[in-house]
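The values are calculated or read from the model by the stated rules, or taken from the named source; none is laboratory data. All values reported here derive from a predicted model rather than from experimental measurement. For neighbour counting, all protein chains shown are included, and Cβ atoms are generated from backbone atoms with ideal geometry for every residue, glycine included. All accessible areas refer to the heavy atoms of the entire protein, side chains included, with ligands and DNA or RNA removed. Shrake-Rupley method; radii C 1.70, N 1.55, O 1.52, S 1.80 Å.
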Amino acid sequence: MPRIFSGIQPSGELHIGNWLGAVQNWVTLQLSYECVFCIVDLHAITGKYDHETLAQRTREMAVGLLACGIDPDRSPLFVQSHVAEHAELQWLLNAVTPIGDLERMTQFKDKSQRFESVPAGLLNYPVLMAADILLYRADLVPVGDDQIQHLELTRDIARKWNAEFAAGEQYFPEPQPILTEAKRIMGLDGEAKMSKSLGNTVGLLDGPEEIWQKLRPAKTDPARVTRKDPGNPEICNIYHLHRYFSPPETVAKVADHCRGAKWGCLDCKRELADNMIAALAPIRERALDLHTEPGRVEEILAEGAATARKIASQTMLEVRGRMGFLPAATLCPDSR
Ligand code: TYM
């Protein structure tokens, strides 16, 4: 059975972009594939970050993913820093990763501009991501389209490593992405991709009033200045969000009412808010339930890490061997 790996950073709240672009798909895919899911906290320290809240955010991310329907009995869910092999393989893959390839990554080019002195981790970020995937020798990676370039690099790294250390045999599969129709959800500012770092999100665990307060001021078609101006739903982010949260007849009504100036943008947003609140309510309830079970999340993450470590340690044994490292001898207790 093909194996799936995917990950998410605990760098902020889980938002509807993550859910529609990736996590909803993880939940479905776990019914048909062997899946491994990871909260990538080592990636979350590659920029400026708050170390005092990292642990809490990691835990919250686990709660969110479980509430979405990740089933730990089917798919191990674990924290990246709990499986040391991720960092080890990342170091070994540096041997076949050209710096030029890393400098060309769009996300590196964007994010590095925010720093006077760019942290090395930001440049090496995609090598760690390659290590995450290759450690489990995964075939498929469900992600949003902002990760496609990193996956291309992962395939290049796998190819180079296979050529150098596996005599061209496909020891590491070249992993392919799985995208959803919602592969790039725009933020409420209508300008940039919905992103934790830009503050243009709707949180998956937001309550009804928070959702409404966020949708109310969201950007729509700028040509609609008053409710009498006809609009173009195709360029309106609120219309696009209706497509994921509202039934088809509502989506058709929204397009018709917008083009025909039959209602105001606020009416359109109110209907979206109601449908979004209803869609997210069960997730929110499950998250609240999980909060009432002390220790349960930690237990799930510990079990997930133990399962992940079994696969990871086997891969590392083989990788170290193929790369020519001297195996560590085990001392028998009475020879000390
Ligand atoms: P991250 O934490 O930024 O996002 C997690 C997943 O959500 C998707 N996503 C979106 N999809 C649609 N529209 C959006 N606005 C949107 N925002 C985020 C992302 O594409 C991603 O699938 N580098 C990764 C984490 C990672 C990883 C991995 C992923 C580390 N190692 C190995 C897959 C495999 C990241 O920062 O995702």
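Over what distance in Å are the Cα centres of the range 36-68 and the range 123-175 separated?
So the separation of the two Cα centres works out to 22 Å.
Taking the Cα centre of the chain as the origin and placing charges on Cβ (Lys, Arg +1; Asp, Glu -1), which of 325, 306, 40 is farthest toward the positive end of the dipole?
It is 40, whose Cα lies furthest towards the positive end.
Report the net charge of residues surrounding residue 317, where surrounding means a beta-carbon distance below 14 angstrom and charges are Lys +1, Arg +1, Asp -1, Glu -1. Present the calculation step by step, with values, prior to reporting the outcome.
On the way: positive: 137, 309, 310, 320, 322; negative: 85, 88, 318.
Net charge in that neighbourhood comes out at +2.
Take every Cα pair under 8 Å in the chain that's 6+ residues apart, average their separations, divide by the length, and report that relative contact order as a whole percent.
Averaging sequence separation for qualifying contacts and normalising by length gives 23 percent for the chain.
Using the Karplus equation 6.51 cos²θ - 1.76 cosθ + 1.60 (θ = phi - 60°), what ³J(HN,Hα) coupling, rounded to whole Hz, does each residue of the range 127-144 give in order, writing x for Gly and Pro?
With coefficients 6.51, -1.76 and 1.60, one gets 6, 5, 5, 4, 4, 3, 6, 6, 4, 9, 6, 6, 9, 9, 9, x, 8, x Hz.
Counting other C-beta atoms within 10 Å, and keeping those with at most 15, which DSSP coil GluC sites (Glu not before Pro) do you find in the range 8-114?
Numbers: sites: 13, 34, 52, 60, 85, 88, 103; in loops: 13, 52.
Of the GluC sites (Glu not before Pro), the ones in loops of the range 8-114 whose Cβ has at most 15 other Cβ atoms within 10 Å are 52.
With a 1.4 Å probe and all protein chains left in place, how much accessible area per residue does the chain have, in Å²? Numbers along the way, then the final one.
Working: 16230 Å² over 336 residues.
With all protein chains present, the chain gives 48 Å² per residue.
Amide H neighbours of residue 35 under 5 Å, at least 5 residues apart or on other chains, H built in the peptide plane: list them.
Answer set, sorted by chain and number: 4.
Find how much the distance from residue 118 to residue 330 grows on full extension, using 0.36 nm per residue of separation minus their present alpha carbon separation; answer in nm with one decimal. Spell out each step's value before the answer.
Working: separation 212, 0.36 × 212 = 76.32 nm, distance 4.10 nm.
Extra length available between residue 118 and residue 330 comes to 72.2 nm.
Search the structure for amide H atoms under 5 Å from the amide H of residue 15, placed 1.01 Å from N in the peptide plane, and list their residues when 5 or more places away or on another chain.
Here the answer is 204, since their amide H atoms fall under 5 Å of that of residue 15.
Using the eigenvalues of the Cα gyration tensor, what equivalent ellipsoid semi-axes result for the chain when each is taken as the square root of five times the eigenvalue, whole Å, largest first?
Over the Cα atoms of the chain, the semi-axes work out to 41, 22, 18 Å.
Along the charge dipole of the range 132-291, Cβ charges K/R +1 and D/E -1, which of 279, 163, 232 sits furthest on the positive end?
So the residue we want is 232.
Using a 1.4 Å probe over the heavy atoms of the protein chains, calculate the carbon and sulfur portion of the accessible area of the chain as a whole percent.
On the way: 8700 of 16230 Å².
In the chain, the share of accessible area belonging to carbon and sulfur is 54 percent.
Within the set 183/269; 196/262; 48/160; 183/262, which residue pairs have Cα atoms separated by over 27 Å? Mind showing how you got there, number by number?
Working: 183/269 22 Å; 196/262 34 Å; 48/160 32 Å; 183/262 31 Å.
Result: 196/262; 48/160; 183/262 exceed 27 Å.
For a quick check of your reading of the filter: which chymotrypsin sites (Phe, Trp or Tyr not before Pro) in the range 1-91 sit in a DSSP loop and have no more than 14 other Cβ atoms within 10 Å? Before the final figure, lay out the partial values.
Values: sites: 5, 19, 26, 33, 37, 49, 78, 91; in loops: 33, 49.
Sparse-neighbourhood loop chymotrypsin sites (Phe, Trp or Tyr not before Pro): none present.
May I ask you to evaluate 6.51 cos²θ - 1.76 cosθ + 1.60, the Karplus curve with θ = phi - 60°, for each residue of the range 173-179 and list the ³J(HN,Hα) values in order in whole Hz, giving x for glycine and proline?
With the stated coefficients, the range 173-179 comes to x, 8, x, 9, x, 10, 9 Hz.
Relative contact order for the range 205-289: what is it in percent, counting Cα pairs under 8 Å that are at least 6 residues apart? Numbers along the way, then the final one.
Numbers: 89 pairs, mean separation 30.9, N = 85.
Relative contact order here is 36 percent.
What spacing in nm lies between the two simple spin-label points modelled at residue 223 and residue 103, each 7 Å away from Cα in the Cβ direction?
4.4 nm
Spelling out what I want: for every residue of the range 213-225, take phi, set θ = phi - 60°, compute 6.51 cos²θ - 1.76 cosθ + 1.60 (Karplus), and round to whole Hz; glycine and proline get x.
Taking θ as phi minus 60°, the curve returns 5, 7, 6, 3, x, 4, 5, 10, 4, x, 6, 8, 7 Hz for the range 213-225.
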